[in-house]
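The values are calculated or read from the model by the stated rules, or taken from the named source; none is laboratory data. Please read all numbers here as calculations on a predicted model, not as lab measurements. As a convention, Cβ positions derive from the backbone with ideal geometry for all residues, glycine included, and neighbour counts pool all protein chains shown.
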Amino acid sequence: MKMRWMLPIVLVLALIVRPAPVRAEVDSLQVWDHLPVQNDGRVMPMDSYARNLLLGFSGKSTFQRQPASKWLARLLFTPEAARDDAIFLVDNPEVVEALGLSAEGRGRYSFAQLEPALHELTRLARAAFHLDDEARSPVETELMRLYSNLSLYRQLSQGLDFTVPRPDFEVTSADLRRDLELPETGALTLLDVRRQQDRINALLKMTSSSTAPADTYQQELRRLSTALRMWSQQRGSLPPAMIPVSGGAEPWVGPWDALNFGANNEAVQADLQALNDMAAAFRAGQQVAFDIAARNLASSVTKRGTDAKQVRNLKREVQYNRADAFYRAELFYGLAFLMALLSVPFRGRWLYRAASLLVVLALIPHSYGILARMVIMGRPPVTNLYTTFIFVSWVCVVIGLVVEYLQRNRMGLITASSMGLALLMTSARFGSDGDTMGVMVAVLDSNFWLATHVVTIAIGYAGCCAAGLLGHIYLLQALRRDPEDAALKETYNATYGALAFGLIFAFLGTMLGGIWADQSWGRFWGWDPKENGALVIVLWSSILFHARLGRMIGPLGFAAGCVLGVIGVLLAWMGVNLLAVGLHSYGFTSGIARGLAIACGFELLYVAVLAPLARRRAQTRVTG
Amino acid sequence: MMQRILGLLGSLRITVVGLLLLLILTVWGTLYQVDFGLYRAQERFYQSWFLLIGGAIPFPGAQLVMLVLFVNMLASILLLALRGRLRWGLIITHAGLLLMLAAGAVTFYLGKEAHLSLVEGEGSNVAQSYNEWELVLLPSGGAGGHQVSTLPLRALRPGRKIPLPGGQHVLRIEEVRRHSQAVREAVEVAPVNASGFTGLQARPVNKEPAADLPGVMFTLLENGQEKDRYLLWAGDAAPTELRGDAGRRALGLRRQRLLLPAVIQLLDFRRELHPGSGIAKSYSSQVLVQSNEGSERKVLISMNKPLRLQGFTFYQSSFSSAPGGREVSTLSVVQNYGRTMPYLATGITVLGMLLHFTGMLVTRLRQRSEGRAA
């Protein structure tokens with residue numbers, strides 16, 4: 001195949017790789033996705049709420065190739081049907097054993113499968129809860145996590161069950177239906193009956209005085225009244241918090257609380273009725289009815305509980321979710337990396353151009369993702385661990401492109417595409433435990449410092465990472481080239497420049513962190529782990545520069561030092577968080593600890609193997 | 001000659017070794033604090049001149065390393081200047097770093113830290129230290145004037161003799177324990193103690209030193225003659241009166257106090273949560289600052305927005321509830337003359353680095369383009 005055609009084909013392929021379209025009884029969840037929900041301190045669209053829930057339960061944000069919001073709608077409106085959805089990820093086979101489930105091992109289980117073990121799970125989780133963080137084993141942490149997921153699931157399955165037809169609310173007596181102004185036929189939900197609460201009370205009073213033996217009419221009347229009371233007593237404080245009661249920054253309530261306490265609020269009653277209508281339409285597969293009811297609910301809720309900016313951000317957030325920007329960027333970076341690598345042995349112009357174009361194209365969704373998040377959250381680009389990866393990878397790509405522009409020898413491209421890909425892939429690991437757009441805790445709630453200290457340090461990390469990658473390239477090149485080789489010198493220059501860039505920003509970022517600490521806690525420097533981590537990076541980079549200046553190490557030593565410096569960056573970036581939790585505790589962090597250990601081990605091995613080989617080669621060339 | 005000495009002092013080898021030692025101390029101290037707490041790690045690694053590994057092998061502490069680096073940097077810039085090699089980027093960078101180290105020294109040696117916990121409605125002009133204790137000499141039973149003398153606990157060492165004001169009495173320190181439990185055991189000769197304690201039992205030090213209760217035993221000498229033995233414990237109910245003292249004074253142990261330039265009264269503490277969650281959005285304390293001159297003003301102290309008053313800075317630190325449901329706000333108080341030095345030092349150092357590396361980049365690019373043209 002002619003090289004000339006590769007680029008267009010690749011581009012076309014990349015453009016058509018996207019998630020499968022939604023297939024649903026209610027075809028489109030457009031309105032449902034945009035419904036606001038208040039969760040963890042902020043108002044988010046139902047789409048995000050559903051994705052975060054599903055991610056927490058199953059580790060993925062889709063179920064059976066359908067979006068999470070579809071799954072959540074099924075759970076809320078048809079809880080019985082959702083019981084067999086295999087959404088609970090159980091990672092640890094020992095957990096399966098402990099719960100006495102049929103040994104399917106690691107995998108995804110449904111609520112129906114886990115329900116028989118619920119009693120045992122509750123018992124084990126409660127016992128584990130009382131242990132210290134450090135004394136808990138990975139199995140116990142997993143048990144607690146599973147218990148908490150199942151509890152939340154149960155709450156959700158009850159959250160809208162006043163819109164679900166129940167035998168308790170069945171009325172067979174046509175007279176009763178007529179007297180209560182209920183529709184002549186059809187299943188009845190709690191809400192249908194509750195709207196006639198006054199009438200029921202009146203009728204009860206009338207009929208209780210009569211001494212005639214109870215007939216169906218009376219029996220059903222009594223049953224309805226009792227059932228209404230019982231259900232309301234048993235249901236309260238359930239998610240999702242989608243009904244604002246009084247607006248402003250007041251907490252929103254779940255539908256059951258709105259039902260139990262919002263009797264006098266006309267708007268709330270209308271909202272509940274809209275939910276009832278939505279549920280009926282969903283069950284019957286009636287798209288138009290569903291959308292109309294959902295739109296009524298949406299306009300009523302947004303008018304009471306959100307301002308114009310929040311409404312715009314709801315739309316933007318759904319757009320952002322669906323764009324899956326970082327995944328697309330990863331694809332482009334991956335392809336670019338492949339091409340950049342191939343362009344080393346196959347010195348085709350077109351491979352080089354394709355790789356360059358792909359990196360630039362990847363920057364588009366990458367930048368969109370970062371900007372969209374900034375606008376939606378109203379924050380600088382880095383607010384939590386997840387976003388550090390997204391941002392650092394972006395800066396690395398830019399550094400790589402600059403190096404490429406200056407040197408035009410593919411090293412910059414390789415740096416850009418590999419770091420873009422690797423860091424975005426790592427970010428996915430850190431974005432899976434809940435809302436990545438979470439609100440900031442009080443001490444971090446300062447846009448100024450987030451924009452200065454955090455961004456600067458992230459840029460510093462990026463510089464050191466880029467230097468590290470270039471160091472890897474140098475060591476590889478040094479195996480086959482003389483120290484005087486021009487290409488090798490260029491790589492060294494790029495490594496030096498990247499580390500200098502990294503050092504300036506890492507130093508500045510560290511000092512800005514101290515200034516922030518001074519403003520916030522009263523001391524500029526406290527030798528605490530996070531501060532020490534940053535200092536280690538600054539110290540190591542300084543050591544490399546001074547050792548180089550004093551000719552204590554040569555370019556090879558410098559490059560090897562940069563590779564080792566990556567260990568410092570990784571430990572400061574992620575390792576320090578492990579310390580805070582306690583070096584002896586596991587759970588979700590065990591994956592991170594292991595990954596970290598592997599990465600650091602790899603870097604050490606890389607240097608330990610390649611550096612002596614390269615050095616021997618250089619020496620034999622000199623003596624030979 | 002001068003150049004020779006400066007050359008030795010300013011050697012890059014010293015720099016590299018010094019930086020490496022500092023790196024090792026940073027990593028080691030970080031791991032140490034996991035088990036022993038931040039405070040102890042600071043004491044052992046960062047505030048010390050040297051530490052003993054396994055109790056025997058000496059290893060330089062951060063104070064020593066930073067002093068060496070300070071001298072090293074100073075010597076190297078002086079050398080550059082003497083030789084007329086005015087590489088401004090390097091000079092400015094290192095001048096900034098020198099300032100940074102100086103700032104650290106000023107903060108460490110001259111700075112004071114304390115905290116002020118106020119119930120809503122309460123006011124005070126005295127802040128207390130979390131971890132530092134002092135020996136306090138005051139008139140017993142509130143009689144007479146308010147002549148109070150204090151001596152930091154750190155200054156006490158077994159065998160040390162401390163003269164009391166008045167000239168007649170001297171304390172000879174026998175025992176000092178950082179963390180102890182006082183006990184009432186039967187002993188031959190009970191020491192004098194306000195609460196009737198007779199001995200001190202050593203306890204293992206805590207990760208959080210605020211929970212450590214120190215104890216001191218000393219013998220009182222009057223005009224050179226040994227009188228009674230005394231026991232002072234941090235948990236004593238009251239200061240212990242000195243027997244046979246004409247001035248009727250008492251001694252006690254209390255957390256170090258910091259006198260504030262004004263009375264701070266807590267009017268209202270507010271905690272805001274992000275709606276519908278348990279995540280704190282902001283903490284703030286509305287306080288009334290009553291200065292010694294009589295003027296009053298209301299100030300809001302919140303996270304990231306401290307109050308600065310005459311060299312002191314007040315930060316919103318934490319909060320709790322008092323019995324009865326009233327809220328207690330804890331402000332941390334810092335007195336630090338060197339507070340603004342790090343800000344200046346950062347700016348200078350970064351400027352220097354930018355100058356230095358940009359200069360190198362420009363030179364390299366120029367070389368390359370000349371190389372291409374050739």
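Quick notes
- Residues located in region A:540-554, provided they are more than 42 Å from the chain's Cα centre (by Cα) and of a type in the set (G, A, S): A:A547, A:G550, A:G554
- Flag for B:L260 being touching a residue at least 40 places away in the same chain (Cβ under 8 Å) and either under 30 Å from B:G235 (Cβ atoms) or away from every other protein chain (no Cβ under 14 Å) (or both): yes
- When residues of region A:185-237 are limited to those that are loosely packed, with under 15 Cβ neighbours inside 10 Å and β-branched (V, I, T), the one modelled with the highest pLDDT: A:T226
- Qualifying residue in region A:559-573 (condition: part of a helix (DSSP H, G or I), modelled with pLDDT of 90 or more and in contact with a Lys or Arg (Cβ under 6 Å, 6 or more places away or on another chain)): no
- Only listed residue being more than 14 Å from every other protein chain (Cβ to nearest Cβ), over 26 Å from the mean Cα position of the chain (by Cα) and among the small types (G, A, S), chosen from B:S295, B:S320: B:S295
- Region B:220-237 residues that are crowded, with 19+ Cβ neighbours inside 10 Å, paired with ones that are in a strand (DSSP E or B) and small (G, A, S) (beta carbon under 6 Å, 6 or more apart): B:W233/B:A182; B:W233/B:G215
- Tally of residues being loosely packed, with under 15 Cβ neighbours inside 10 Å and under 29 Å from B:R40 (Cβ atoms) across region B:172-194: 1
- Restricting region A:519-537 to residues that are facing chain B (nearest Cβ under 7 Å) and not in a loop (DSSP other than H, G, I, E, B), the residue that is nearest to A:V443 (Cα to Cα): A:S520
- The strands (runs of 3 or more DSSP E) found wholly in region B:194-288 include none carrying at least 2 residues that are of a type in the set (S, T, N, Q) and out of contact with any strand residue (DSSP E or B) (no Cβ under 9 Å at 6 or more places or on another chain).
- Total residues in region B:328-367, condition part of a helix (DSSP H, G or I) and under 30 Å from B:D268 (Cα atoms): 0
- Looking only at residues of region A:134-148 that are within 30 Å of A:P255 (Cβ to Cβ) and in contact with a Leu (Cβ under 9 Å, 6 or more places away or on another chain), we find that the one that is surrounded by the most Cβ atoms within 10 Å (Cβ to Cβ) is A:L146.
- Failed item in (1) touching a Ser or Thr at 6+ places or on another chain (Cβ under 9 Å); (2) aromatic (F, W, Y); (3) more than 10 Å from chain B (Cβ to nearest Cβ), with A:Y492 passing the rest: (1)
- So A:I243, is it closer than 26 Å to A:L156 by Cβ, at pLDDT 85 or above and touching a strand residue (DSSP E or B) at 6+ places or on another chain (Cβ under 8 Å): yes
- Within the option set A:Q219, A:Q310, A:Q233, being in a helix (DSSP H, G or I), of a type outside the set (D, E) and within 14 Å of another protein chain (Cβ to nearest Cβ) holds for one residue only, A:Q310.
- Some residue of region B:2-20 being part of a helix (DSSP H, G or I), in contact with a Pro (Cβ under 8 Å, 6 or more places away or on another chain), of a type outside the set (K, R) and within 11 Å of chain A (Cβ to nearest Cβ): no
- One residue stands out among those in region B:324-360 that are within 8 Å of chain A (Cβ to nearest Cβ) and more than 29 Å from B:S129 (Cα to Cα): the one that is modelled with the lowest pLDDT, which is B:M360.
- Only one of B:V289, B:V328, B:V333 that is of a type in the set (A, V, I, L, M, F, W, C) and within 19 Å of the chain's Cα centre (by Cα): B:V333
- Residue match in region A:477-486 (condition: in contact (Cβ under 8 Å) with a residue 12 or more places away in the chain and under 30 Å from A:D518 (Cα atoms)): no
- Residue match in region B:303-312 (condition: in contact with a His (Cβ under 9 Å, 6 or more places away or on another chain), part of a strand (DSSP E or B) and within 11 Å of another protein chain (Cβ to nearest Cβ)): no
- Filter result for B:L64 (surrounded by fewer than 18 Cβ atoms within 10 Å (Cβ to Cβ), farther than 19 Å from A:L539 by Cβ and either of a type in the set (A, V, I, L, M, F, W, C) or within 14 Å of another protein chain (Cβ to nearest Cβ) (or both)): no
- Residue in region A:460-481 that is within 11 Å of another protein chain (Cβ to nearest Cβ) and at pLDDT below 95 present: no
- Matching entry among B:L8, B:L69 (being more than 19 Å from the chain's Cα centre (by Cα), farther than 30 Å from B:A211 by Cβ, crowded, with 17+ Cβ neighbours inside 10 Å and not small (G, A, S)): B:L69
- When residues of region B:21-34 are limited to those that are at the interface with chain A (Cβ under 9 Å from one of its Cβ atoms) and not hydrophobic (A, V, I, L, M, F, W, C), the one nearest to A:R551 (Cα to Cα): B:T26
- Any hit, region A:402-412, residues being polar (S, T, N, Q), surrounded by 22 or more Cβ atoms within 10 Å (Cβ to Cβ), within 14 Å of chain B (Cβ to nearest Cβ) and at negative phi: no
- Index of the failed condition, A:L479 passing every other in (1) surrounded by fewer than 24 Cβ atoms within 10 Å (Cβ to Cβ); (2) closer than 25 Å to B:T349 by Cα: (2)
- Residues in region A:292-306 that are touching a residue at least 40 places away in the same chain (Cβ under 8 Å) and either of a type in the set (S, T, N, Q) or surrounded by fewer than 18 Cβ atoms within 10 Å (Cβ to Cβ) (or both): A:R295, A:T302, A:T306.
- Leading residue by the ranking (surrounded by the fewest Cβ atoms within 10 Å (Cβ to Cβ)) among those in region A:37-63 that are of a type in the set (A, V, I, L, M, F, W, C) and outside any helix (DSSP H, G or I): A:F63
- Looking only at residues of region B:37-49 that are among the hydrophobic types (A, V, I, L, M, F, W, C) and surrounded by 16 or more Cβ atoms within 10 Å (Cβ to Cβ), we find that the one that is farthest from B:F70 (Cα to Cα) is B:L38.
- Being of a type in the set (S, T, N, Q), in contact with a helix residue (DSSP H, G or I) (Cβ under 6 Å, 6 or more places away or on another chain), under 17 Å from A:L190 (Cβ atoms) and more than 14 Å from chain B (Cβ to nearest Cβ) is a property that A:N296 lacks.
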